[in-house]
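See structure below.
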Amino acid sequence: MFRLFLALNLLFLNLYACKGDSELCKLKTVDSKSIVNQTLQIPLPNNQKLIFSTTAPDAKIIKHDPYLSLYLVEETNNFKYPFRINMNPASALFGVDNKRIVKGKILKREVGLESFATFSEPLSVPSLLLNSCCALEGIVTPLGIIEKEYIDRFLKIKKVSYGDFGIRIKDLNSTVVVSSSNPFKKDNPFKKNDIILEIDGKKAKDSAMLMREILFSNIGSEHTLKIKRENKIVVLKAITQNRLGGGYLSNTFLEFLGVSFDKNLVIVKIDKDANKYGLKIGDKLLQVNTKDIKNEEEIYDVLDNPKESINLLFQRDNFQFFVKVN
């Protein structure tokens, strides 16, 4: 009996070893029951499980990332061959679910909490992104791929938080450009269209790299940035503040005032400090400074001038009303 037990264990160890066979990765995914309906429930070492779910799981929660809809929970039914995160470059990537395997590559890296990564081929949602050794490279969610750097950080930090400089950025002509600057952040040193050249002496090679530097920085830490503004090189100091929105949370600068929205720009949360505006949960944002707004990105396009008061048009039931904020 002992010999049979030993043989079976050796079989499974060989089965899940790094053989470069994506079929083994699918078998591991199925055996581990990592995909259940619209959730991911990925077994990890140390009797833990990584869960992606937009609702709280029925389990003992160790910690929760509301921005990425991730949970780390205790796992009583320990899987013998847990998934590990590969933090080294991968020679091949596979999107894997219970039924199929899709080979491809990352087309666009994850730019913080604004824009998740994309893949070269259509992938099932949800699914796992694995390398040829069945190590985790990312997870596929309705908003896109959450990359391994973010998953690894979530697992390592004690308390979930993200840093914020009060800017949103994008890649433009091989440069990193400020696409929008938070008008509600006091003494915000950044302006729209600033080109960010360096952060703390390191070249800002792309928006994905720079946004990781910002998001992963400690709250309250000071950073030096070299920027190009029009035709001048300027050095700025930025203090990391706590990020209030992004990913699966409301992602407008209006969270800074205490108002959070769903993806249809309907108010879902009002902090105590925002009661002065007379808003209610269920009010829908229609306009910012007389411009019609249909999504979060269009709000960024309007919120450019921090010196002016901002007029917001809302609809409640069958009537519309303005709210001025500054």
Return the whole-Å distance between the Cα centroid of region 273-296 and the Cα centroid of region 165-241.
27
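Using packing as a proxy for protection, rank 296-303, 178-185 so that the peptide with the highest average count of other Cβ atoms within 10 Å comes first.
On the way: 296-303: 17.8, 178-185: 20.1.
Result, highest mean Cβ count within 10 Å first: 178-185, 296-303.
Work out the length of the dipole vector of the chain about its Cα centre, built from +1 on the beta-carbon of each Lys and Arg and -1 on the beta-carbon of each Asp and Glu, and round it to the nearest 20 debye. Show your work: numbers first, answer last.
Details: 48 positive and 38 negative charges, 98 e Å.
Roughly 480 debye, rounded to the nearest 20.
Rounded to whole Å and ordered largest first, report the semi-axes of the equivalent ellipsoid of region 38-98 derived from its Cα gyration tensor (root of 5λ).
Details: eigenvalues 88, 46, 26 Å².
Ellipsoid half-lengths, sorted descending, are 21, 15, 11 Å.
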With springs only between Cα atoms under 10 Å, which of 282, 144, 246 fluctuates most in a Gaussian network model of the chain?
282
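Over region 169-278, give the accessible area per residue in Å² for a 1.4 Å probe, as an integer. Please list the in-between numbers first.
Details: 5680 Å² over 110 residues.
Ligands and nucleic acids excluded, the result is 52 Å² per residue.
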Given a cut-off of under 8 Å on Cα pairs at least six residues apart, what relative contact order in percent is computed for the chain?
11
Of 159, 192, 284, which has the largest mean-square fluctuation in a 10 Å C-alpha GNM of the chain?
159
Taking H placed 1.01 Å from N in the peptide plane, check which residues at least 5 places from residue 141 or on another chain put their amide H under 5 Å from its amide H.
146
Tail beyond 15 Å, pair distance distribution of region 249-307 (Cα, percent):
47
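Using a 1.4 Å probe on the protein heavy atoms, what percent of the accessible area of region 192-253 belongs to carbon and sulfur? Each step should come with its number before you reach the end.
Details: 1470 of 3100 Å².
Carbon plus sulfur share of accessible area: 47 percent.
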Matching label for the computed volume of the Cα convex hull per residue in Å³, out of (i) 134; (ii) 163; (iii) 151, is (ii)
Report the FRET efficiency, 1/(1 + (r/R0)^6), for residue 61 and residue 101, where r is their Cβ-Cβ distance and R0 is 45 Å, rounded to 0.05.
0.90
How much length would be gained if the chain were fully extended between residue 309 and residue 92, taking 0.36 nm per residue of separation minus their Cα-Cα distance, in nm to one decimal?
73.0 nm
Checking a compactness column here: for region 173-326, what do you get for Rg(Cα) / (2.2 N^0.38 Å), N being the number of residues?
1.13
Taking R0 as 35 Å, what FRET efficiency do you get between residue 46 and residue 172 from their Cβ-Cβ distance, rounded to the nearest 0.05?
0.25
Can you pull the semi-axes for region 81-166, root of five times each eigenvalue of the Cα gyration tensor, sorted largest first, whole Å?
22, 16, 11
Kirkwood Rh, region 213-266, all Cα pairs: how many Å?
13.4
Each label sits 7 Å from Cα toward the beta-carbon; between residue 234 and residue 80 the label points are separated, in nm, by 6.2
Per-residue HN-Hα couplings for region 251-257 [Karplus 6.51, -1.76, 1.60; θ = phi - 60°; Hz; x = Gly/Pro]
9, 10, 6, 5, 4, 4, 8
Among the listed pairs 170/232; 148/232; 170/272, which have their C-alpha atoms separated by more than 29 angstrom in this model?
148/232; 170/272
Size of the dipole of region 256-323 about the Cα centre, Lys and Arg at +1 and Asp and Glu at -1 on the beta carbon, nothing else charged, in debye to 20?
300
In the Gaussian network model of the chain, springs joining C-alpha atoms below 10 Å, which of 48, 241, 315 carries the largest mean-square fluctuation?
315
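Where does the chain land at 222 nm, in deg cm²/dmol rounded to the nearest 500, when only DSSP H runs of n ≥ 4 count, each adding -39500 (n - 2.57), divided by all residues? Before the final figure, lay out each step's value.
Values: 5 runs with 50 residues, N = 326.
Taking each H run of at least 4 residues, the total per residue is -4500 deg cm²/dmol.
The values are calculated or read from the model by the stated rules, or taken from the named source; none is laboratory data. The structure presented is a predicted model; accordingly, all values stated were derived computationally and were not measured. FYI the Cβ positions are ideal-geometry reconstructions off the backbone, even for glycines, and counts take in every protein chain you see. With ligands, DNA and RNA removed, areas are computed over all heavy atoms of the protein, side chains included. Shrake-Rupley method; radii C 1.70, N 1.55, O 1.52, S 1.80 Å.
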